[in-house]
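Q: My questions all concern the structure below.
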Amino acid sequence: MKAVFLCKSGQERAHLWREHFGRAAPEIEFRIWPDVGDTGSIRYLVLWEPIDDIATEFPNLEVLFSTGAGVDQFDLTKIPDDVRVVRLLDPMIIAGMREYVCHAVLTLHRDFLGYRQSQAVADWRPVETRPANETRVGVMGLGTLGRAVLDALQPFAYSLRAWSQSPHDVDGVQCFSGSEQLQSFVSDCDILICLLPLTAATRGILNRDLFDAMPRGSGLINVGRGAHLVEDALLAALSDGQISGAVLDVAGDEPLAPEHPFWRHPRIQLTPHIASVTGTESAAAVLLDNVLRHERGERMLGVIDRGLGY
Ligand code: GLV
């Protein structure tokens, strides 16, 4: 059966992707939403916003690609079991995350949040800094992005650790796993980075109990999803000093409402979900590579485990 690929994304990106596919693999028919044609012939679909009745709309769908690294926007129960769901492992997403997290870790470690306040009141006063090798930095999540971030942090000589649902080994990183080791992991993190996928098990994981288990005055970086964080718990932990600062790229409700207290909090640095963004050319190459793998009967990269949800 012919490879028919449907793209439901921004028009500019969709047309650039179609050009890329047309140059490299003209045998693939690339359609752009809303010109879907005969939906029964569509075997590949890429989108971000889920379509409710995907099973009836696209009865012969084989692969559903996310345009991003996450798939939590999909309700997996509505996607037929035999459809492969694939995260986008785009090198630009990975590079962006490395840059963002290094910046965020340095912001907290070197107290640039404090210096921002000092500058506002013309206060020329240095603050003592703990050396990097005595600063414990922990990453929650050991997928492609978690590993890339740990690798990017290595040259700074931080004392690195990581936590994931299942056991892993990473060179130069102390690894923890499972809910039974979560407390001992966070009790050893001066800076905690959340890069977990959002699932029922990780929703609200950044909560008051977790903050209380961290060393007093530690810092938080959330580059996962807004729903990982209990926002009021963070505000409370910041006001009593249990957490000394946070760098947040995601929020529970995006865009964050103008009246939200995060905007003006002196100990929060906020960005509008830009830690890493899908590259146009690089993502086209990753998508096409996966389609060709599937056509050859090979395993695609980034296929999620439907049971785990990531
Ligand atoms: C962005 O958050 C993504 O999932 O790529």
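The values are calculated or read from the model by the stated rules, or taken from the named source; none is laboratory data. As the structure is a prediction and not an experimental result, all values here were calculated from the model. In this analysis, Cβ positions are derived from the backbone assuming ideal geometry, glycine residues included, and neighbour counts consider all displayed protein chains. In case anyone asks, the SASA skips ligands and DNA or RNA and just uses the protein heavy atoms, side chains included. Shrake-Rupley method; radii C 1.70, N 1.55, O 1.52, S 1.80 Å.
Q: Taking Leu47 as meeting all but one of (1) more than 30 Å from Met140 (Cβ to Cβ); (2) hydrophobic (A, V, I, L, M, F, W, C); (3) under 23 Å from the mean Cα position of the chain (by Cα), write down the number of the exception.
A: (1)
Q: Another one. For Glu57, which of the numbered conditions (1) in contact (Cβ under 8 Å) with a residue 40 or more places away in the chain; (2) more than 16 Å from the ligand (Cβ to nearest atom); (3) in contact with a helix residue (DSSP H, G or I) (Cβ under 7 Å, 6 or more places away or on another chain) fails to hold?
A: (1)
Q: So, one more: Among the residues of the stretch 265-288, write down those that are within 29 Å of Leu113 (Cβ to Cβ), within 14 Å of the ligand (Cβ to nearest atom) and surrounded by fewer than 19 Cβ atoms within 10 Å (Cβ to Cβ).
A: Hits for the stretch 265-288 are Thr271, Pro272, His273, Ile274, Val277.
Q: If we scan the stretch 253-264, do we find a residue that is within 17 Å of the chain's Cα centre (by Cα), touching a residue at least 24 places away in the same chain (Cβ under 8 Å), surrounded by fewer than 22 Cβ atoms within 10 Å (Cβ to Cβ) and in the same structural domain as Asp188 (by TED's automatic domain parsing)?
A: Within the stretch 253-264, one or more residues are within 17 Å of the chain's Cα centre (by Cα), touching a residue at least 24 places away in the same chain (Cβ under 8 Å), surrounded by fewer than 22 Cβ atoms within 10 Å (Cβ to Cβ) and in the same structural domain as Asp188 (by TED's automatic domain parsing).
Q: Looking at the stretch 249-277 only, could you name the residues that are β-branched (Val, Ile, Thr) and modelled with pLDDT of 95 or more?
A: At the first step, the residues of the stretch 249-277 found to be β-branched (Val, Ile, Thr) are 250, 268, 271, 274, 277.
Across the stretch 249-277, the qualifying residues are Val250, Ile268, Thr271, Ile274.
Q: For the stretch 203-221, does any single residue satisfy the condition of being in a loop (DSSP other than H, G, I, E, B), in the same structural domain as Ser184 (by TED's automatic domain parsing), surrounded by fewer than 20 Cβ atoms within 10 Å (Cβ to Cβ) and under 18 Å from the mean Cα position of the chain (by Cα)?
A: Yes, there is a match, as at least one residue in the stretch 203-221 is in a loop (DSSP other than H, G, I, E, B), in the same structural domain as Ser184 (by TED's automatic domain parsing), surrounded by fewer than 20 Cβ atoms within 10 Å (Cβ to Cβ) and under 18 Å from the mean Cα position of the chain (by Cα).
Q: For the stretch 85-106, give me each residue that is more than 16 Å from the ligand (Cβ to nearest atom) and crowded, with 20+ Cβ neighbours inside 10 Å.
A: Of the residues in the stretch 85-106, the ones more than 16 Å from the ligand (Cβ to nearest atom) are 102-103, 105-106.
If the condition is that a residue be more than 16 Å from the ligand (Cβ to nearest atom) and crowded, with 20+ Cβ neighbours inside 10 Å, then Val105 is the only one that fits.
Q: To continue, here is another question. What single numbered condition from (1) part of a helix (DSSP H, G or I); (2) of a type outside the set (A, V, I, L, M); (3) more than 23 Å from Leu198 (Cβ to Cβ); (4) more than 16 Å from the ligand (Cβ to nearest atom) fails to hold for Thr77?
A: Thr77 satisfies every listed condition except (3).
Q: Sticking with this one: When you scan the stretch 128-148, do you find a residue that is open to solvent by 80 Å² or more (accessible area, probe 1.4 Å), closer than 30 Å to Cys7 by Cα and either within 16 Å of the ligand (Cβ to nearest atom) or in contact with a strand residue (DSSP E or B) (Cβ under 9 Å, 6 or more places away or on another chain) (or both), even just one?
A: yes
Q: For the stretch 149-186, how many residues meet the condition of being surrounded by 15 or more Cβ atoms within 10 Å (Cβ to Cβ) and without any contact (Cβ under 8 Å) to a residue 60 or more places away in the chain?
A: The total comes to 23.
Q: Further question on the same structure: Looking at Val83, Val101, Val121, which one is outside the structural domain of Trp48 (by TED's automatic domain parsing) and within 29 Å of Trp48 (Cα to Cα)?
A: Val101
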